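Taking it in order: structure first as structure tokens, then the write-up.
What follows is calculated from the coordinates using simple rules that are stated; it is not laboratory data. This is a predicted model, so every value here is computed, not measured. Every residue, glycine as well, gets a Cβ built from its backbone with ideal geometry; the counts of neighbours run over all protein chains shown.
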């Protein structure tokens with residue numbers, strides 16, 4: 001279980017969701033896990049059907065320029081090519097109208113359904129969305145992400161990925 005290492009009091013636990021906004025949206029913290037090492041997490045607004053390990057895209061804004069306000073809203077990563085948006089992995093079952101942490105750096109446990117997920121390979125958004133695969137489809141690669149451990153570790157339907165502020169491919173191929 002990841003534990004915050006930043007020297008701050010009152011940090012919401014990494015594996016918990018909250019109906020109360022406990023931090024500014026977009027806040028980042030570093031946390032440590034004895035198995036997966038250190039990682040970085042961002043505080044975001046959840047979306048329905050999120051489970052631990054869900055792959056999400058995040059961002060968005062309300063209003064128009066010059067008065068646009070960031071929403072920090074997550075969406076389960078859709079099976080859409082050339083999204084060009086940041087990607088994160090849910091650290092809790094952070095559903096709609098809740099706030100929680102999403103991993104953006106380090107070794108993360110991600111949902112990996114719908115096909116083979118092999119170790120030491122590039123990853124992409126799965127055809128069902130909200131998950132990763134190592135069977136890549138043009139325009140769906142997740143850049144700055146690579147599989148470390150194949151499907152089945154730590155449990156069936158999950159794999160370990162190394163991420164460094166990943167984002168969904170945005171170039172037209």
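Some values worked out for this structure:
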item: Ascending count of other beta-carbon atoms within 10 Å, so fewest first, for 101, 58, 72; result: 72, 58, 101
item: At R0 = 30 Å, FRET efficiency that the Cβ-Cβ distance of residue 18 and residue 156 yields, to 0.05; result: 0.55
item: Overall form of the range 119-173 per C-alpha gyration tensor (a/c, 1.5; a/b vs b/c); result: prolate
item: The chain: relative contact order in percent, alpha carbon pairs under 8 Å with at least 6 residues between; result: 22
item: Principal axis dimensions, largest first and in whole angstrom, of the chain by Cα; result: 42, 40, 24
item: Cα-projected label distance for residue 136 with residue 25, points at 7 Å along beta-carbon direction, nm; result: 3.3
